[in-house]
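*Asks:* I'd like to ask you about the structure that follows.
Just so you know, all these numbers are worked out from the coordinates, no wet-lab data involved. Predicted, not measured: the structure shown is a model, and the values here were computed from it. Reconstructed Cβ throughout: ideal geometry from the backbone, glycine too, with neighbour counts over all protein chains shown.
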Amino acid sequence: MFAADQAINAAAIITSSLRVNRLVHTELNRIVQGIPGARALLVIDEKGKLLHDSYKYPVLPLDLSDRSYFKEALSTEGIVIGEQVIGRTSGAPFVPIAKRIGELTFVVVISPYVLVDLQNECGDCWSSAVRKSDNNIITMFPPEGDLVPGLVLQLKPYLKNKDTGSLVVRYKHSVFSVVWTKSAEFPLLNISVRGLTDSAAVEVDIN
């Protein structure tokens, strides 16, 4: 988070001081190399038009005004971590880290799985990154799991105001071990979910 915030602040200085788009692109590309897991750094104007893209030059004529991270950044002071989206041109998923400075919105394009704390000792776990402000899932691995989002939704009352914890829960017709810890880098909770045998001692039925 610190690296992304510092990069955005540096990008704001560059865009305000350089008038040659090619030079802006070159400098943004240099900056993004210092952000772990970042693929690109975008600069969007007040109407949602893409002005600069560290990944591609010349920039494509994209309207990003409908993106939720752009809308949230307009009304939020400081960093916004958006939910995972699909890139308009790349077709690849990413998590946006956005910040509005003046009339411009700066977006760091982060590979989703950088935010997921994969547990080495739990190779068969589902792992997810959940935003602390609203307990919504930002990203998860493996991505194809369709059970975990519903489980996390039911867990919201237990996750609220608790940075660490564990529960054995019954959800639908199965039993799961759920462990969560606060991310050291981002305002996220890292949650690991593992299936247990039906004979395991259940602490909470969240159906």
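*Asks:* In terms of modelled amide H atoms, which long-range or inter-chain residues lie less than 5 Å from the amide H of Leu64?
*Replies:* For Leu64, whose amide H was placed from the backbone, the distant partners under 5 Å are Lys49, Leu50.
*Asks:* Same structure, new question: Taking neighbour Cβ counts within 10 Å as the exposure measure, how do Thr89, Thr197, Thr181, Thr105 sort from fewest upward?
*Replies:* On the way: Thr89 11, Thr197 7, Thr181 16, Thr105 27.
Ranking Thr89, Thr197, Thr181, Thr105 by Cβ neighbours within 10 Å, fewest first, gives Thr197, Thr89, Thr181, Thr105.
*Asks:* Shifting gears a bit: Could you pull out every whole DSSP H run in the chain that spans at least 18 Å of Cα extent along its own axis and averages -1.0 or higher on the Kyte-Doolittle scale?
*Replies:* 2-17
*Asks:* What fraction, in whole percent, of alpha-carbon pairs in the range 115-205 exceed 18 Å separation?
*Replies:* Of all Cα-Cα distances in the range 115-205, 38 percent exceed 18 Å.
*Asks:* As a quick test, which of the pairs Lys71/Lys182; Lys132/Lys172; Lys71/Lys160; Lys56/Lys156; Lys99/Lys132; Lys71/Lys172 have an alpha carbon distance above 28 angstrom in this structure? Let's see the in-between values first.
*Replies:* Working: Lys71/Lys182 26 Å; Lys132/Lys172 25 Å; Lys71/Lys160 25 Å; Lys56/Lys156 40 Å; Lys99/Lys132 18 Å; Lys71/Lys172 36 Å.
Going by Cα-Cα distance, Lys56/Lys156; Lys71/Lys172 fall outside the 28 Å limit.
*Asks:* Let me ask you something else. Considering amide H positions built from the backbone, and no H for Pro or chain starts, which residues 5 or more places from Thr139, or on another chain, come under 5 Å of its amide H?
*Replies:* Answer set, sorted by chain and number: Ala129.
*Asks:* Show me, for the range 173-181, the HN-Hα J-couplings you get by feeding each phi into the Karplus relation (A = 6.51, B = -1.76, C = 1.60, θ = phi - 60°), rounded to Hz, glycine and proline as x.
*Replies:* In residue order, the calculated couplings are 10, 10, 10, 9, 9, 10, 10, 9, 9 Hz.
*Asks:* Among residues other than Leu159 whose Cβ falls under 14 Å from its Cβ, what is the net charge (Lys/Arg +1, Asp/Glu -1)?
*Replies:* Result for the local shell: +4.
*Asks:* Under the definition of Cα pairs under 8 Å and six or more residues apart, what whole-number percent is the relative contact order of the range 88-207?
*Replies:* Over the range 88-207, the number comes to 21 percent.
*Asks:* Moving to a separate point now. Please grab the % of Cα pairs in the range 2-112 that end up more than 24 Å from each other.
*Replies:* On the way: 680 of 6105 pairs.
Beyond 24 Å sits 11 percent of the P(r) for the range 2-112.
*Asks:* If a paramagnetic tag sat 7 Å from the Cα of Leu147 along the Cα-Cβ line, which residues of the range 179-197 would have the backbone N under 14 Å from that point?
*Replies:* Under 14 Å, as judged by backbone N against the label point of Leu147, lie 193-197 of the range 179-197.
*Asks:* Can you list residues from other chains, or at least 5 along the same chain, whose modelled amide H is less than 5 Å from the amide H of Leu196?
*Replies:* The list, which skips near neighbours in sequence, is Val175, Phe176, Ser177.
*Asks:* With the cut-off at 1.5 for a/c, could you classify the range 75-168 from its C-alpha gyration tensor as rounded, prolate or oblate?
*Replies:* Oblate shape, in that a/c is at least 1.5 and b/c is the bigger or equal ratio.
*Asks:* Further question: Taking 37 °C and 0.692 mPa s as the conditions, I'd like the Stokes-Einstein D for the chain in µm²/s, using the Kirkwood hydrodynamic radius from alpha carbon pairs.
*Replies:* Using the Kirkwood radius from Cα pairs, D works out to 180 µm²/s.
*Asks:* Would you please name the trypsin sites (Lys or Arg not before Pro) within the range 7-42 that are DSSP coil residues with at most 10 other C-beta atoms within 10 Å of their C-beta?
*Replies:* Listed in order of number, the matching sites are Arg19.
*Asks:* Would you compute, from DSSP H runs of 4+ residues alone, the mean residue ellipticity of the chain at 222 nm, taking -39500 (n - 2.57) per run and dividing by the full residue count, rounded to the nearest 500?
*Replies:* -7000 deg cm²/dmol
*Asks:* Given R₀ = 35 Å, what would the calculated FRET efficiency be for Ser199 paired with Asp163, taking r from the Cβ atoms and rounding to 0.05?
*Replies:* 0.70
*Asks:* Gap in Å between the Cα centre of the range 50-67 and the Cα centre of the range 24-43?
*Replies:* Taking the Cα centre of the range 50-67 as reference, the centre of the range 24-43 is 13 Å away.
*Asks:* Hey, what do the phi angles of the range 99-116 turn into as Karplus ³J(HN,Hα) couplings, whole Hz, using 6.51/-1.76/1.60 and θ = phi - 60°, x for Gly and Pro?
*Replies:* These are the phi-based 3J(HN,Hα) values: 8, 9, 10, x, 9, 10, 10, 10, 10, 8, 8, 10, 4, x, 6, 5, 7, 9 Hz.
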